[in-house]
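Enquirer: Here it is, the structure, as structure tokens.
The values are calculated or read from the model by the stated rules, or taken from the named source; none is laboratory data. Note that the coordinates shown come from a computational prediction; the quantities given were computed from them, not determined experimentally. Don't worry about glycine lacking a Cβ; one is built from the backbone with ideal geometry, like all the others, and counts go over all protein chains shown.
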Amino acid sequence: MNWPARRDTAMNNPRERILSRLKAAPKAAAPLRPDWTPPTYDAAGRKAKFKAMLEASHADVHEVSPHDWPQRLKTILANKGVGNVVYAPATPAGRQLAESWAGSGPELVAYDRAVEEFKDVLVSKADAGLTTTKGGIAQTGSLVLWPTPDEPRLMSLLPPIHVALVEEASLTDSLAETIRAQGWAGAMPTNAVLVSGPSKTADIEQTLAYGVHGPKELIVLLIGSDSP
């Protein structure tokens, strides 16, 4: 029996046909990458950008002074009906808060035990958690958290309201500048966290839901001079 002649095997292979067309296509120069440098701001512009980006992410930002922030926080939390605040008693901010409130504000709950003993408070009883920050990034409106044994990550992760203290002097234009200014190359934190607004997630239809994986609210106290 005489079989009909077969066409070239390569021509019968879709992969080979595609590759041959690609090889035969005229060579084009690669597109040039545009020059880009991170934006820079002056002090006023940096603060304005930081606040605008955070507020766009549904965070509440309040400008306060180094001396009045505990009283301002007491008023803010009272207006929200907050009953208690988890804080770090061993930090300077924690000591200032305790001395300023002296039992007159929401109940202060000291995070001074092992997490195994404190878990029930964090998961089901804490209304808010107060932490300091390592700095803030204007370009993205991000807080730089650097958890420590005194202020572990759970303080900002589990309570439904996270209160963060940010020194205005610690603001930088970009993450790259933060890394350079704080010397991360020589002392990289084991758990640096960037926070830009309350916890949020979205389903396949892009419907945002807040508080699914962390706090539902983020309150930022931006600490400037004595006369904010």
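Enquirer: Listed residues GLU107, GLU55; which is of a type in the set (Asp, Glu) and more than 23 Å from VAL144 (Cβ to Cβ)? Lay out the reasoning, then the answer.
Expert: Working: GLU55 fails: more than 23 Å from VAL144 (Cβ to Cβ).
One residue alone meets the criteria, GLU107.
Enquirer: Residues that are free of Cβ contacts under 8 Å to residues at least 40 places away in the same chain and among the aliphatic types (A, V, I, L, M), at least 3 per element: which strands (runs of 3 or more DSSP E) completely within region 59-174 meet that?
Expert: Per the criteria, 107-110.
Enquirer: Contact list please: Cβ distance under 7 Å, first residue in region 180-201 and part of a strand (DSSP E or B), second residue at pLDDT below 90 and surrounded by 14 or more Cβ atoms within 10 Å (Cβ to Cβ), pairs at least six apart or on different chains.
Expert: Close Cβ pairs satisfying both conditions: LYS200/TYR210.
Enquirer: Can you tell me which residue in region 91-116 is nearest to the chain's Cα centre (by Cα), limited to those that are aliphatic (A, V, I, L, M) and within 21 Å of ILE161 (Cα to Cα)?
Expert: Kept after step one, since they are aliphatic (A, V, I, L, M), are these residues of region 91-116: 93, 97-98, 102, 108-110, 114-115.
Remaining after also requiring within 21 Å of ILE161 (Cα to Cα): 93, 97-98, 108-110, 115.
Values: ALA93: 20, LEU97: 23, ALA98: 26, LEU108: 25, VAL109: 24, ALA110: 24, VAL115: 23 Å.
Across region 91-116, the extreme among qualifying residues is ALA93.
Enquirer: Which of (1) surrounded by fewer than 20 Cβ atoms within 10 Å (Cβ to Cβ); (2) within 21 Å of ALA56 (Cβ to Cβ); (3) in contact with a helix residue (DSSP H, G or I) (Cβ under 7 Å, 6 or more places away or on another chain) is the odd one out, the single condition HIS162 does not satisfy?
Expert: All conditions are met except number (1).
Enquirer: In this structure, does TYR41 turn out to be within 24 Å of LEU154 (Cβ to Cβ) and hydroxyl-bearing (Ser, Thr, Tyr)?
Expert: Details: within 24 Å of LEU154 (Cβ to Cβ): no; hydroxyl-bearing (Ser, Thr, Tyr): yes.
So TYR41 fails the test.
Enquirer: Pull up region 210-228, narrow it to residues that are within 13 Å of ASP60 (Cβ to Cβ) and not in a strand (DSSP E or B), then point me to the one that is modelled with the highest pLDDT.
Expert: LYS216
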